[in-house]
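The values are calculated or read from the model by the stated rules, or taken from the named source; none is laboratory data. Note that the structure is a prediction, hence the values are computed from the model and not measured. No Cβ is skipped: glycine too gets one built from the backbone with ideal geometry, and neighbour counts run over all protein chains shown.
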Amino acid sequence: MSLPPEASPAASAPPPRPRAGPRVLIGSVLFVVWMYGLMALQGILCLPLMLGPRRWTLAAVRVWTRLVLGGLRVLCGVTVEVRGREHVPSGPCLVAAKHQGMIDIMPPLLLLRDPAMILKKELMRLPFFGWYTARLQMIPIDREAHAKALRALLAAARDRASAGREVFIFPEGTRRPPGAAPDYKPGVAALYRELELPCTPVATNSGLSWPAHGLVRYPGAIVFEYLPAIPPGLKRAEFMRTLESAIETASARLAAERR
């Protein structure tokens with residue numbers, strides 16, 4: 001169940017983005033070359049690691065993530081801050097995060113001990129990205145398969161959680177711009193019920209610097225805020241209201257800080 005539109009804290013308009021001058025445009029182009037060039041180069045060089053333990057592949061992906069975030073800071077003037085570190089979980093749990101840009105997949109790879117991310121099945125077909133996520137035993141979901149996809153999702157999530165991993169999901173299913181009305185899908189409630197584990201909400205303002213679409217990366221501070229965990233055992237409607245309110249309220253506050 002979603003909050004009614006008039007109650008949604010995300011209803012306020014996002015702060016205006018600064019004008020993308022030549023320096024911002026050039027930096028953005030260089031960053032895209034840096035990010036995807038690294039993906040190809042490191043993807044080839046680290047292929048032998050995929051024959052070893054899975055932790056070797058995770059280490060390689062973490063190196064790539066750190067290099068990408070470093071390039072983002074140097075080339076685009078975009079910094080990344082993590083708040084609420086005391087709420088960052090370790091071990092079996094459910095993590096539900098706001099999704100505004102591609103960067104949202106990166107900090108969890110560094111912060112969480114062994115995340116099992118729920119991703120669109122289509123992403124697993126991409127060169128390098130798909131190969132490494134498959135080796136990391138992430139969880140692909142076929143959004144066209146509906147009930148069958150949900151059953152597969154729940155089975156895979158149970159398997160990853162039983163291995164002591166954090167199950168990570170974007171509950172809206174896709175990237176949404178700052179200020180857009182929330183659209184939380186029922187899959188996160190099914191996971192919460194099935195896993196019977198605490199759920200840690202994560203808020204962000206990432207879309208202000210790294211929009212869901214387009215080339216430009218706007219200077220500024222991207223903040224990811226981990227919020228207090230929601231205990232297991234809540235009824236479905238109460239859980240959805242609590243999760244949405246926590247994420248949307250904090251995300252709106254983080255966006256307002258950039259005004």
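Miscellaneous remarks
- Take the conditions (1) modelled with pLDDT of 95 or more; (2) more than 16 Å from P108 (Cβ to Cβ); R258 misses just one of them, which is (1).
- A single entry from A181, A212 fulfils the requirement of being within 24 Å of R241 (Cβ to Cβ), small (G, A, S) and surrounded by fewer than 20 Cβ atoms within 10 Å (Cβ to Cβ): A181.
- Scanning the range 107-123 for residues that are surrounded by fewer than 17 Cβ atoms within 10 Å (Cβ to Cβ) and among the hydrophobic types (A, V, I, L, M, F, W, C) returns L110, L123.
- Residue match in the range 54-64 (condition: surrounded by 14 or more Cβ atoms within 10 Å (Cβ to Cβ), of a type in the set (A, V, I, L, M), within 23 Å of L254 (Cβ to Cβ) and under 18 Å from the mean Cα position of the chain (by Cα)): no
- One residue alone among G43, G71, G21 is of a type outside the set (F, W, Y), at pLDDT below 95 and in contact with a Phe, Trp or Tyr (Cβ under 7 Å, 6 or more places away or on another chain), and that residue is G43.
- From the options A190, A156, A149, residue that is surrounded by fewer than 18 Cβ atoms within 10 Å (Cβ to Cβ), aliphatic (A, V, I, L, M), modelled with pLDDT of 90 or more and outside any strand (DSSP E or B): A190
- Filter result (surrounded by 14 or more Cβ atoms within 10 Å (Cβ to Cβ), assigned to a helix (DSSP H, G or I) and basic (K, R)) within the range 222-259: R241, R253
- Residue in the range 193-209 that is surrounded by the fewest Cβ atoms within 10 Å (Cβ to Cβ), counting only those that are touching a residue at least 60 places away in the same chain (Cβ under 8 Å) and in a loop (DSSP other than H, G, I, E, B): P198
- Lone unmet requirement of (1) buried (at least 16 other Cβ atoms within 10 Å of the Cβ); (2) more than 18 Å from L119 (Cα to Cα); (3) acidic (D, E) for E172: (2)
- Qualifying positions in the range 70-97 - among the aliphatic types (A, V, I, L, M) and loosely packed, with under 14 Cβ neighbours inside 10 Å: V74
- Taking the range 30-135 and the helices (runs of 4 or more DSSP H) fully enclosed by it, the elements with 2 or more residues that are among the β-branched types (V, I, T) and out of contact with any helix residue (DSSP H, G or I) (no Cβ under 6 Å at 6 or more places or on another chain) are at 54-76.
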